[in-house]
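So the structure is just underneath, and the comments pick up after that.
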Ligand SMILES: NC(=O)c1ccc[n+]([C@@H]2O[C@H](COP(=O)([O-])OP(=O)(O)OC[C@H]3O[C@@H](n4cnc5c(N)ncnc54)[C@H](O)[C@@H]3O)[C@@H](O)[C@H]2O)c1
């Protein structure tokens, strides 16, 4: 952090709906900092993504990477465009490169619906669910150090877990469950009934659990867990899972909150963190003013909370709560219905409502 309580933020609008949701979120963050006082932001805009690759031949320029490395936090909208690909057919995904380069092993994906958004699950016990999926984010089936192979007869991918990374990841989860102070439970979501690699994962999970006496550890196979998320989600507290499983389950979690536009996330490592919505660049609605910016705003609130804890800034923590309350208040009368739920509240309407609520919340 700069000496005058100014957080340096690397800002990646990325592709598709990225531009539409980034600038208004930046303005909300400046608003909340001004309201709370005691801190400010130094915004450092970074060009990267699929459109950048198409124009300049590079997806994540060195300068953007350096800015990200030097920043106090990284705020990113979404990257990738299905039609823009590397010569080997892979999509451009600098958000994955950032995770690998900066060691962002814990993908934190809260599943906590905004109270005024129409509930998706019918059971009233599911209306105020509040749990977190931790998606392991640098290994598993996405591990860059374990590329697959392909020839005309067969295609292989490799699933990799290392002991060091598993230990750090599980410790992160047990600490989080303790700090949340809810059910104080961490569930390993794996497939150890079929794959020995998940047996390795689960053994380390229970080894690390011994260091956290006030938090319970249990486990569930990933297929059964998908059912639990729908049938009795109130039993979940913190659930930790492999990269690919987490990718899939967190979209299910988003759907259970009303849609991808409501699902925030954070990719956290020991020294860096990226905050970004769970969704992609949504090219199908880009430029139409339909994108729901709530996930981006809630990701910004997660960034404030993380900065507050990391830099011992009570003001940033207060700002995080104020921004969350502003979102809740904006949706509270159930008039704001976004496109995922069949409504006509677009990007501008949601931002205006949140800005208005923010001006009125007590800080
Ligand atoms: N973290 C990331 O940057 C990230 C994540 C996922 C996908 N992607 C990339 O994004 C591109 C599009 O991928 P996709 O279509 O599979 O996933 P997507 O998340 O972009 O969209 C899936 C569906 O959800 C809708 N949606 C997404 N965000 C929304 C929002 N804020 N408001 C309202 N509706 C929203 C879209 O309109 C679409 O119908 C691809 O290039 C993909 O690789 C990037």
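The values are calculated or read from the model by the stated rules, or taken from the named source; none is laboratory data. Nothing here was measured: the structure is a model prediction, and the numbers come from that model. When we count neighbours, we look across all protein chains shown, and the Cβ atoms used for this are built from the backbone with ideal geometry, even at glycine.
Go through 167, 179 for me and flag whichever is free of Cβ contacts under 8 Å to residues at least 40 places away in the same chain and either outside the structural domain of residue 337 (by TED's automatic domain parsing) or assigned to a loop (DSSP other than H, G, I, E, B) (or both).
Values: 167 fails: free of Cβ contacts under 8 Å to residues at least 40 places away in the same chain.
Exactly one residue qualifies, and that residue is 179.
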(request) Can you tell me which residue among 55, 63 is away from the ligand (no atom under 14 Å from the Cβ), under 27 Å from residue 6 (Cα atoms) and not assigned by TED's automatic domain parsing to the domain that holds residue 183? (result) 63
(message) Which numbered condition in (1) surrounded by fewer than 18 Cβ atoms within 10 Å (Cβ to Cβ); (2) within 16 Å of the ligand (Cβ to nearest atom); (3) under 21 Å from residue 113 (Cα atoms) is the only one that residue 333 fails?
(response) (2)
(message) Here are the criteria: (1) under 21 Å from residue 192 (Cα atoms); (2) touching a helix residue (DSSP H, G or I) at 6+ places or on another chain (Cβ under 8 Å); (3) surrounded by fewer than 13 Cβ atoms within 10 Å (Cβ to Cβ). Tell me which single one residue 156 does not satisfy.
(response) (2)
(request) Inspect the range 130-140 for any residue being within 30 Å of residue 61 (Cβ to Cβ), without any contact (Cβ under 8 Å) to a residue 40 or more places away in the chain and within 19 Å of the chain's Cα centre (by Cα) and give the result as yes or no. (result) no
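Conditions (1) crowded, with 18+ Cβ neighbours inside 10 Å; (2) without any contact (Cβ under 8 Å) to a residue 40 or more places away in the chain; (3) within 14 Å of the ligand (Cβ to nearest atom); (4) closer than 26 Å to residue 259 by Cα, marked per residue:
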position: 328; (1), (2), (3), (4): no, no, no, yes
position: 339; (1), (2), (3), (4): yes, no, yes, yes
position: 344; (1), (2), (3), (4): no, yes, yes, yes
position: 350; (1), (2), (3), (4): yes, no, yes, yes
(message) For the range 186-199, which positions are touching a helix residue (DSSP H, G or I) at 6+ places or on another chain (Cβ under 8 Å) and either under 17 Å from residue 244 (Cα atoms) or part of a helix (DSSP H, G or I) (or both)?
(response) 187, 188, 189, 190, 191, 192
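Just to verify a result, which residue in the range 88-107, among those that are assigned to a strand (DSSP E or B) and within 17 Å of the chain's Cα centre (by Cα), is nearest to the ligand (Cβ to nearest atom)? Before you say what the answer is, go through the steps one by one.
As a first pass, look at the range 88-107 and keep what is assigned to a strand (DSSP E or B): 91, 106-107.
Remaining after also requiring within 17 Å of the chain's Cα centre (by Cα): 106-107.
Working: 106: 15, 107: 10 Å.
The extreme case among them is 107.
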(request) Tell me, yes or no, whether the range 117-129 has at least one residue that is touching a strand residue (DSSP E or B) at 6+ places or on another chain (Cβ under 9 Å), touching a residue at least 40 places away in the same chain (Cβ under 8 Å), surrounded by 14 or more Cβ atoms within 10 Å (Cβ to Cβ) and within 30 Å of residue 94 (Cβ to Cβ). (result) no
(request) Taking the residues in the range 268-297 that are without any contact (Cβ under 8 Å) to a residue 60 or more places away in the chain and in contact with a helix residue (DSSP H, G or I) (Cβ under 7 Å, 6 or more places away or on another chain) as candidates, determine which candidate is nearest to the ligand (Cβ to nearest atom). (result) 292
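Yes or no, residue by residue, for (1) at pLDDT 95 or above; (2) more than 12 Å from the ligand (Cβ to nearest atom); (3) under 22 Å from residue 23 (Cα atoms); (4) touching a helix residue (DSSP H, G or I) at 6+ places or on another chain (Cβ under 7 Å):
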{"position": "51", "(1), (2), (3), (4)": "yes, no, yes, no"}
{"position": "68", "(1), (2), (3), (4)": "yes, yes, yes, yes"}
{"position": "71", "(1), (2), (3), (4)": "yes, yes, yes, no"}
{"position": "79", "(1), (2), (3), (4)": "yes, no, yes, yes"}
{"position": "84", "(1), (2), (3), (4)": "yes, no, no, yes"}
(request) Select, from 42, 19, the only residue that is within 15 Å of the ligand (Cβ to nearest atom) and without any contact (Cβ under 8 Å) to a residue 60 or more places away in the chain. (result) 19
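Kindly establish whether residue 9 is more than 13 Å from the ligand (Cβ to nearest atom), within 18 Å of the chain's Cα centre (by Cα), crowded, with 22+ Cβ neighbours inside 10 Å and under 23 Å from residue 304 (Cβ atoms). Please lay out each step first, then the result.
Working: more than 13 Å from the ligand (Cβ to nearest atom): yes; within 18 Å of the chain's Cα centre (by Cα): yes; crowded, with 22+ Cβ neighbours inside 10 Å: yes; under 23 Å from residue 304 (Cβ atoms): yes.
Yes.
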